Amino acid sequence: MKKIKIAIAQINPWVGDFSKNLEMILENIETARVQKADAVVFPEMAVTGYPPEDLLFRPAFLKQVKSMLKQIRNVSIGITVIVGAPVERSNHLYNMAMVYRDGKTLAKYAKQYLPNYRVFDEKRYFARGKKSAVIEIAGVPTGILICEDIWRKDPIKKTKSAGAELCIVLNASPFRENKAEERLELLSKRAKKYQMPIVYCNLVGGQDELVFDGHSLVVDKKGQLIEQLPAFESVCQICQVGASREVKTLQLAVPDAQIYQALVIGVQDYVKKNGFSGVLLGLSGGIDSALTLAVAVDALGADKVEAIMMPFRYTAEISKTDARQQAETQGVKYREIPIEDIFNSFMGALANEFAGLGRDVTEENIQSRSRGVLLMAMSNKLGKMLLATGNKSEMSMGYATLYGDMAGGFAPLKDVYKLRVFSLARYRNSMGDGEIIPNRVITRPPSAELAPDQKDEDSLPPYDILDPILQMFIEEFMSVEDIVALGYEQATVHRVANLLLLNEYKRRQAAPGVRISKRAFGKDRRYPITSAYRHHLLPKS
């Protein structure tokens, strides 16, 4: 195969912001042209951002896509431009790769396989393409595929049969743990089998729950990695394909570092793309809010983050000390607003209604909701978005209060199990800029501090038991019987499964959060609120 210079434009488009996306695309085309690239390739749906979801049903939206594509085509002088967009043809909408050169359309490739699982819902919007597309770039027959196509066997096989010597794949592949390794393994297998290099261009950035990690790759015809773009960064990089190149090893940060980066970019883009001036959060002196604060500062800068400690009679003095210490270390604005008087006002207003009734979880929830009212009031008044601080273990078990600690516009740790929260906190402290999260916050037994001497394990199984059970049940779809067979106590597994299913109504009202696992709450896991299925999980008498 002849040598060819491909510019991979790993960009971070904004869903629906056509002017910003056009500016980004035109800048990258010019960068590639200046570096004398033969072609520049953009990610899947780069024109609109991914996923545009039901915006695709709006005729005015698709009209803007058409206008933007015309402008891109007009600047394709002296360079081949390959860009992803939704395109209407014959009264059907397709997920397309448009190929332009010298102001002309060289090819239109429609995605053949439409993912309709986990977070993907493409069959709702698009018709399937049926034909391969092979074009010449600098004399090299080049096939075009889009994302899911490369995970299936037929598209690349047909592309090879159509004469392709090189394959370019446009992608919007979201981050989750171990996904980068899976991509390289697949690309190596495909390239080796069909004896042609593969250029894999992926999206980067945050879009609601999804975070796209970039990690664009080039493998040679032997399936060897010859180019890797950075993770979580927008970059336009020239790659020489077809020349003899040094074989590389996939460079990946440790899992905690990757996940931490995903949380940071998820918060950063959610806040920035939604136009908020900054964020605030309740800082309790516990590990969840401590990690959330660290992520927020790394994402936005200390000047855009505020922390509020709202002590009550059950708040330990060390919680106030640790919260104040972290806020000072990170340089964020910090306030202390006691909730004792607010709680007493609520209890006074309800005194007649509660007469003769003993104390229970109601009083704990009133504490949490007192804090939620304060935080939401400050969010409204200051124009800063409230970050919820709950983790996946708590959200699974319903160990959270609606309109209390669940209040907020975004929940960074929503898909992070408690054990991972601990490891991420330790990772953040290892980054070389000192003890950001006080070590005592990491080592203290977790507590909601809503009752005297309260510990999480008073209400939940120990996290080293709870988290593996949840992961097997939620992400691996393992049955209760299979989990018990691995040595977990039957009563504990039944209790965890029942609480998980019972609390779907809470999660349906929760803020969105960054997806990092194979099965996150939200669009990734769609369970009915009203369901008798949990009753089948009760132990048989």
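The values are calculated or read from the model by the stated rules, or taken from the named source; none is laboratory data. What you are looking at is a predicted structure, and each value in this text was computed from that prediction instead of being measured. Methodologically, a virtual Cβ is constructed for each residue, glycine included, from the backbone with ideal geometry; neighbour enumeration extends over all protein chains shown.
Listed values, structure above:
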{"quantity": "Total residues in the range 336-367, condition crowded, with 17+ Cβ neighbours inside 10 Å and either closer than 22 Å to Val305 by Cβ or outside the structural domain of Ser289 (by TED's automatic domain parsing) (or both)", "calculated": "1"}
{"quantity": "Residue that is surrounded by the fewest Cβ atoms within 10 Å (Cβ to Cβ) [pool: residues in the range 97-114 that are touching a residue at least 40 places away in the same chain (Cβ under 8 Å) and of a type in the set (A, V, I, L, M)]", "calculated": "Val99"}
{"quantity": "Exclusive hit being small (Gly, Ala, Ser), surrounded by 14 or more Cβ atoms within 10 Å (Cβ to Cβ) and under 26 Å from the mean Cα position of the chain (by Cα), set Ala425, Ala451", "calculated": "Ala425"}
{"quantity": "Qualifying residue in the range 504-524 (condition: without any contact (Cβ under 8 Å) to a residue 24 or more places away in the chain and under 30 Å from Gln261 (Cα atoms))", "calculated": "yes"}
{"quantity": "Candidate set from the range 257-295 (those that are under 15 Å from the mean Cα position of the chain (by Cα) and small (Gly, Ala, Ser)); member that is farthest from Val421 (Cα to Cα)", "calculated": "Gly266"}
{"quantity": "Filter result for Ser67 (among the small types (Gly, Ala, Ser) and modelled with pLDDT under 95)", "calculated": "no"}
{"quantity": "Qualifying position, being over 19 Å from Ala299 (Cα atoms), assigned by TED's automatic domain parsing to the domain that holds Glu165 and either in contact with a strand residue (DSSP E or B) (Cβ under 9 Å, 6 or more places away or on another chain) or at pLDDT 95 or above (or both), among Ser234, Ser216", "calculated": "Ser216"}
{"quantity": "Among (1) of a type in the set (Val, Ile, Thr); (2) outside the structural domain of Ala9 (by TED's automatic domain parsing); (3) touching a helix residue (DSSP H, G or I) at 6+ places or on another chain (Cβ under 7 Å), the one test that Ile265 misses", "calculated": "(3)"}
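One line per residue, one yes/no per condition, for (1) out of contact with any helix residue (DSSP H, G or I) (no Cβ under 8 Å at 6 or more places or on another chain); (2) outside any loop (DSSP other than H, G, I, E, B); (3) over 20 Å from Lys455 (Cβ atoms); (4) at pLDDT 95 or above:
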| residue | (1), (2), (3), (4) |
| --- | --- |
| Glu353 | yes, yes, yes, no |
| Gly356 | yes, no, yes, no |
| Ser368 | yes, yes, no, no |
| Val373 | no, yes, yes, yes |
| Met376 | yes, yes, yes, yes |
| Tyr399 | no, no, no, no |
| Met406 | no, no, yes, no |
